[in-house]
Amino acid sequence: MKPIFYDSETCGLHGVMVLLQYAVGDGPIHLRDLWLEPVGETLTLIESIVEHEDGVVGFNLSFDHFHLQKIYNMFSILRDVTDSSAIPYNYITQLADIEPLARDGKCIKPAKAMDLMLHARKNEYQSLMARKPIFIRRVPTQLAYLLRAELEKRIALPEIYFTKSKKKGDRWVIKDVHKPDGSINPDFKTLMLDFKSSSGLKPLCEHIFGKDRFGRERSVFSDIDVPKKFRPKDKGTGYAPYAKAFEPDGNYKTTWPAFVERHIFHWHLNQGARQYAEDDVTDTRNLYRHFDSPELGDDDSELACMAGSVRWRGYPIDRKAIKALRDETQERIGLIPRTPKAAKAWLMELMSPEEATVVNLDKSTKKQVLIEVKKLTIICESCEGEGCEKCKEGWVPHPAAQRAEKILDARQARYEQNFYTKLLRAKRLHPSFEIIGAKSSRMSGRGGDLNSQGIKKDKKVRKCFTLHNPGEVLCGGDFESFEVAIAVANYNDEVLNEELKSGKKIHGLFGTLCYPQFTYEEIVASSGTAEDYYTKAKSGLFALIYGGNEETLRTRLNVEVNDAIAALNRFRAKYKGVAKAQDRVKELLGPMRQPNGIGTNVEWHDTQDYIESMLGFKRFFTLEMEICKILYDLARSLPKGWKEVKMPVMRRPDRIQTAHGATQSAIYGAAFQIQSGNIRAGGNHEIQSTGAGITKRLQRKIWEHQPIGVHEWLVQPMNIHDEIMSRTHPSISKDVAETVHDTVESFRPIIPMIGMEWKVGIPNWAEK
């Protein structure tokens with residue numbers, strides 16, 4: 001098999017491709033200066049790449065294929081209005097004017113694909129994806145620096161985990177601990193290990209093959225890239241990926257047409273840059289071999305190419321309706337103060353300094369603080385706390401509560417206003433997706449520009465997204481109680497299965513355990529009422545499914561903590577299969593155990609370092625386990641001499657400790673924090689990853705209706721969590737519906753409750 005390995009260099013992130021570098025199998029690497037060669041030859045080359053029967057291999061294909069899709073259709077229009085011998089360099093301004101029209105060109109789809117970036121995220125290099133810092137909190141100051149030195153020595157992590165770090169030297173950072181009044185606590189410090197990893201092609205290959213893999217030092221991209229002053233100002237502009245969206249008058253000054261000439265000749269004449277481009281193909285080819293030449297055509301790689309093509313074409317919107325929504329947001333914003341300083345001042349007109357301190361308003365006006373202000377109450381003046389028609393058990397909302405609500409709404413309105421403005425500028429929805437956006441393998445909207453997965457479910461909003469043109473058919477559907485269906489199958493609890501077979505709703509059943517004073521019928525009947533126990537139970541159940549504890553349950557149910565604990569215990573007692581399944585995750589991912597309870601001896605039991613979804617996708621915890629074991633060993637036996645360090649004892653709220661003992665507790669606490677995160681993520685993985693795999697498979701099956709090579713568009717799927725929409729050609733809408741039905745049914749043996757209502761001929765997204 002001889003796949004084509006390819007990469008590209010572009011003028012800006014969302015501008016245009018200027019260089020295409022590729023190789024067929026083990027053959028020579030070719031560098032194609034796209035703007036300096038006849039347009040007809042370039043089009044023929046791109047067609048041969050996507051039609052190549054052995055497929056294509058790349059790294060981050062959603063990016064490269066987006067640009068390939070874009071340049072092909074721009075050059076196609078140029079050829080049609082000139083001829084095949086036209087040199088694109090002579091038509092820069094014309095091509096910029098053509099660019100928005102090129103969105104309605106043809107679809108290019110490779111025969112099969114392999115995205116090595118996504119492949120790496122399925123194995124041990126999954127650990128390079130974004131991760132939260134590790135904290136060791138409240139370490140006695142006198143031992144904090146000794147502890148850091150010990151950790152630097154024991155936890156020798158590869159450089160790739162800190163590639164993006166601007167600071168060199170110690171990886172563990174020592175941070176101050178603050179008292180409730182905001183002053184620094186001199187007795188304690190917090191140690192933080194902040195990961196700055198990179199899963200890019202160059203860092204990954206340096207990690208695997210070494211920096212000297214070419215027999216010479218490879219240039220850093222920043223050294224061979226075009227100087228910053230000659231780059232388009234396109235950060236945060238991916239929602240409208242064409243120049244005229246930002247410079248509609250055609251007087252290009254900040255977008256790619258103003259800079260592309262410099263980029264064309266930079267990559268044509270600069271030998272260092274050309275060598276860098278060639279090295280990218282070499283790295284891609286070697287990485288493919290390192291991974292034992294994985295088979296092309298996996299769901300993720302195919303969807304990466306789909307995402308690139310779909311992003312360029314976009315989806316139609318009702319611009320008039322969106323403009324009306326934008327105008328409405330201005331009314332909500334009004335004169336409400338939104339900045340931190342102004343918001344605080346407005347609230348403090350009605351609050352005392354003591355009240356502000358209680359809710360942390362003296363430190364912040366972030367969303368969570370404002371939510372706490374909303375909850376503030378005062379004694380009802382009408383009844384002096386006795387209870388009356390005007391109050392709830394003698395209490396009424398604090399005067400500042402309403403202002404907090406208005407600030408929150410004004411901030412949300414401002415966010416929505418920006419969102420609508422972006423859509424109006426783009427004139428379409430151009431969704432950008434991370435195919436493996438989380439370690440569970442879930443797809444996610446690419447942040448920074450316009451996250452399509454964050455679009456509200458409000459019908460008034462979604463009605464604005466027509467997602468198809470006249471003559472096309474909009475199809476779509478979402479899975480019915482998707483996560484619950486997967487959870488029920490995963491847990492396989494006999495009692496729960498029998499109850500559900502009787503037609504009862506799982507949220508209502510859970511509600512009777514949370515609110516035992518009500519019957520199942522009463523819980524269900526409360527849905528949509530002022531005292532909506534059904535919705536609260538639904539929220540609580542989802543919290544438990546995804547590893548929540550009694551505190552999470554208390555918040556979701558709006559009950560006292562003892563009631564939450566009781567509900568949790570009733571749930572586990574009734575559904576023993578669920579309890580067993582959750583305990584299994586703890587056994588698999590919990591090597592540290594205290595058989596005799598908190599405060600007693602901690603034991604280490606070797607466990608596996610991964611967990612699998614129902615479809616076999618593995619979430620690895622190798623790095624977390626390694627760090628956890630090192631912390632455990634260190635806590636068990638702190639270095640000799642630490643006990644002799646002269647310092648006062650540490651006074652805890654519940655006990656007195658020596659500094660040595662306090663340090664030991666802090667390290668154990670950090671290790672248990674890591675473990676708790678692993679267990680929670682592991683429980684989530686079994687459900688979320690299974691759902692992600694099913695959703696991806698369904699999109700892939702729909703995408704298979706799009707012919708290979710260069711062809712008119714027939715299907716254009718889009719995934720938003722557990723719902724799928726597809727812009728579809730009328731000739732195949734029935735075939736797509738059958739594909740959806742057959743694909744969903746193929747999962748029924750493992751998920752008996754799975755279901756999706758697929759609709760054909762929907763006027764807009766809201767009507768799905």
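Throughout, read-outs are computed from the coordinates displayed, never taken from laboratory work. Everything numeric in this text was worked out from a predicted model, so none of it was measured. Glycine gets a Cβ as well: all are built from the backbone with ideal geometry, and neighbour counts include every protein chain shown.
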Problem set entry | Among THR600, ALA438, PRO707 - extreme Cα towards positive end, dipole of the chain, charges at beta-carbon | THR600
For this session: Could you compute the FRET efficiency for PHE230 and ASN251, with r as their C-beta to C-beta distance and R0 at 25 Å, rounded to 0.05?
Result: 0.85
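Can you pull a Stokes-Einstein diffusion coefficient for the chain at 25 °C (0.890 mPa s), Rh from Kirkwood over Cα pairs, as a whole number of µm²/s? All intermediate terms of the calculation are to be shown ahead of the outcome.
Details: Rh = 29.8 Å.
In µm²/s, the coefficient rounds to 82.
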Problem set entry | Residues in the range 33-51 reached by a label modelled at SER85 [backbone nitrogen below 18 Å; 7 Å Cα→Cβ] | 36-44
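Share of antiparallel DSSP beta bridges in the chain, in percent to the nearest 5? Each step should come with its number before you reach the end.
Working: 56 of 61 bridges.
About 90 percent, rounded to the nearest 5.
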Exercise. Between ARG289 and PHE221, what is the spin-label point distance in nm, taking each point 7 Å from the Cα along the Cα→C-beta axis?
Worked result: 2.4
Seminar exercise, completed: Rounded to 0.05, the calculated FRET efficiency for the beta carbons of ASP26 and GLN673 at R₀ = 41 Å is 0.25
Exercise. Once label points are set 7 Å from the Cα along Cα→Cβ at both VAL602 and LYS366, what is their separation, rounded to one decimal in nm?
Worked result: 2.7
For this session: In whole Hz, with x marking every Gly and Pro, tabulate ³J(HN,Hα) for the range 67-76 from phi via Karplus 6.51 cos²θ - 1.76 cosθ + 1.60, θ = phi - 60°.
Result: 5, 5, 4, 5, 5, 4, 6, 5, 5, 5
Exercise. What nm distance separates the two modelled labels at ASP318 and ASP735, each placed 7 Å from Cα along Cα→Cβ?
Worked result: 3.1
Exercise. Nearest 20 debye, what's the magnitude of the dipole of the chain about its Cα centre given +1 on Lys and Arg Cβ and -1 on Asp and Glu Cβ?
Worked result: 2180
Exercise. About its Cα centre, how strong a charge dipole does the range 495-574 have in debye, to the nearest 20, once Lys and Arg get +1 and Asp and Glu get -1 at the Cβ?
Worked result: 280
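So if R0 is 22 Å, what FRET efficiency would LEU350 and GLU551 give, r being the distance between their Cβ atoms, rounded to the nearest 0.05? Could the numbers behind the result be given before it?
Working: r = 30 Å, r/R0 = 1.38.
In this case the efficiency is close to 0.15.
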Exercise. Put +1 on the Cβ of each Lys and Arg and -1 on the Cβ of each Asp and Glu in the chain; which of VAL16, MET1, PHE571 then has its Cα farthest toward the positive end of the dipole?
Worked result: PHE571
For this session: First check a/c for the range 495-574, with a ≥ b ≥ c the square roots of the eigenvalues of its C-alpha gyration tensor; if it is under 1.5, answer rounded, and if not, answer prolate when a/b is larger than b/c or oblate otherwise.
Result: oblate
Problem set entry | Within-11-Å neighbourhood charge of SER613 [Cβ basis; K, R +1; D, E -1] | +1
Seminar exercise, completed: Among ALA345, PHE259, SER219, the residue whose Cα sits farthest towards the positive end of the charge dipole of the range 218-354 (+1 at Cβ of Lys and Arg, -1 at Cβ of Asp and Glu, taken about the Cα centre) is ALA345
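Between LYS211 and ARG154, what length comes free when the chain is fully extended (0.36 nm per residue of separation minus the Cα-Cα distance, one decimal in nm)? List each step's numbers first, then the result.
On the way: separation 57, 0.36 × 57 = 20.52 nm, distance 2.46 nm.
18.1 nm is the gain from fully extending LYS211 to ARG154.
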Exercise. Of the listed peptides 237-248, 305-316, what is their order by residue-averaged count of other C-beta atoms within 10 Å, with the highest listed first?
Worked result: 305-316, 237-248
Exercise. Pulled fully out, how much extra length does the chain show between GLU386 and GLU47, if you take 0.36 nm times their separation in residues and subtract their Cα-Cα distance?
Worked result: 114.1 nm
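For THR421 and GLN517 in one chain, what is 0.36 nm times their gap in residues minus the Cα-Cα distance, to one decimal in nm?
Details: separation 96, 0.36 × 96 = 34.56 nm, distance 4.95 nm.
Stretched fully, the THR421-GLN517 segment lengthens by 29.6 nm.
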